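Inspection log for the structure reproduced underneath, given as structure tokens.
The values are calculated or read from the model by the stated rules, or taken from the named source; none is laboratory data. All of these numbers come straight from a predicted model, not from anything done at the bench. Every residue, glycine as well, gets a Cβ built from its backbone with ideal geometry; the counts of neighbours run over all protein chains shown. Each accessible area value is taken on the protein alone, full model and side chains, heavy atoms only, with ligands, DNA and RNA left out. Shrake-Rupley method; radii C 1.70, N 1.55, O 1.52, S 1.80 Å.
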Amino acid sequence: MALQVDLGERSYPIYVQANCLDQRQSELQQIIGNKKIAVVSNETIKPLYLDALELALGKQADAVITLPDGEQYKTMTQLESIFDAMLAAQLNRSSLLIALGGGVVGDMTGFAAACYQRGIDFIQVPTTLLSQVDSSVGGKTAVNHARGKNMIGAFHQPKAVFIDINTLSTLPARELSAGLAEVIKYGLIADADFFHWLEQNIDALMAKSSDALAYAIQRSCEIKAEVVAADEKEGGVRAILNLGHTFGHAIESNQGYGAWLHGEAVAAGMVMALDLSVRMGMIKPAILERAKKLLQRAALPLLAPADSSLEAFLSVMAVDKKNIHGAIRLVLIRELGNAFISDDYDAELMHQVIVDNIG
């Protein structure tokens, strides 16, 4: 049974299962029809999964576009290379892109699809845990800029998301941990019972238990689909999905994209957001301690890099996309599973939280 992201005429299914491409060939081929197809992947993922994708498609792609692997390549220059290949393959408005890879591939493919001839269809086939539970769902597409992460992009929903749990078998341990940061986030912002389940099952997830991963991915996608359906373009409630991201994006920008994985930066950022929530009297310190223990068990960092500074944080946070009228807006929690967006906090207290959480 597929999950559904309910967005009216832009609604689409999310399929989560082992051997997903093989099991969902008919659904995939129905979307493809006789369209010209370009697959965008990277040099790590393409050799592992391109053949399986083309087998499921029932034909070879008209173009295969291979990007370098890494967040540091999520740039306008690489986006231009996607357009060059699409034009060389003579793709038109009825053509379709397929993103085969992690979050960088998915974001860039989606953005290319949003821009090419003013918008064409695309499909997400995410191969990392982070992309499966977060970036492949919801239609956010972008590239990075030296002054801020994901600052140049568009909302462009995929036609479908095909999540094959088996792709996680080749995922490095560090990438698995980075994905678990986003999974833990969903428990913190929207589902206390799920957070408790994660506390009980984190060891199974770290060991790549298929059953545990299937449930964690399914529940994460359910929560994100509900939030996106309520607020597609982040005018309000969707911003709660960014718990820890305002702080985390500052870490990524200041360290240089790729030095810290996105999930690692988000983990340290969530600790800051929860710490501020504690100091403002919204949650008890025990919730912060539970979150820190769970993140630690997932092999995630709790502190920002030691060479960070308050000034460096604030310079990036000042251009965060959630900000309105120059005010830095943060996602905080008032209880486990209940997040909200606020610019009503003591700035000096927030500054102290940053300083106290630099390693």
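Annotations
- Convex hull volume of the chain per residue (C-alpha atoms, cubic angstrom): 121 Å³
- Carbon/sulfur fraction of accessible area - the chain, other protein chains in place, 1.4 Å, %: 49 percent
- Solvent-accessible surface (1.4 Å probe) assigned to V355 amounts to roughly 70 Å².
- Exceeding the 20 Å Cα-Cα cut-off - candidates K36/K59; K149/K284; K35/K140: K149/K284; K35/K140
- Crossing angle, helix 245-255 versus the chain [Cα axis fit, 0-90 degrees, rounded to tens]: 80 degrees
- Exposed loop sites were defined as trypsin sites (Lys or Arg not before Pro) in DSSP loop states (anything but H, G, I, E or B) carrying at most 13 other C-beta atoms within 10 Å; in the chain the longest segment without such a site runs 234-359.
- Between helix 103-115 and the chain: long-axis angle, C-alpha atoms, 0 to 90°, nearest 10: 60 degrees
- Degrees separating the helix 76-88 axis from the principal Cα axis of the chain, which is the longest one: 10 degrees
- For the chain, accessible area per residue (1.4 Å probe, heavy atoms of protein chains only), Å²: 40 Å²
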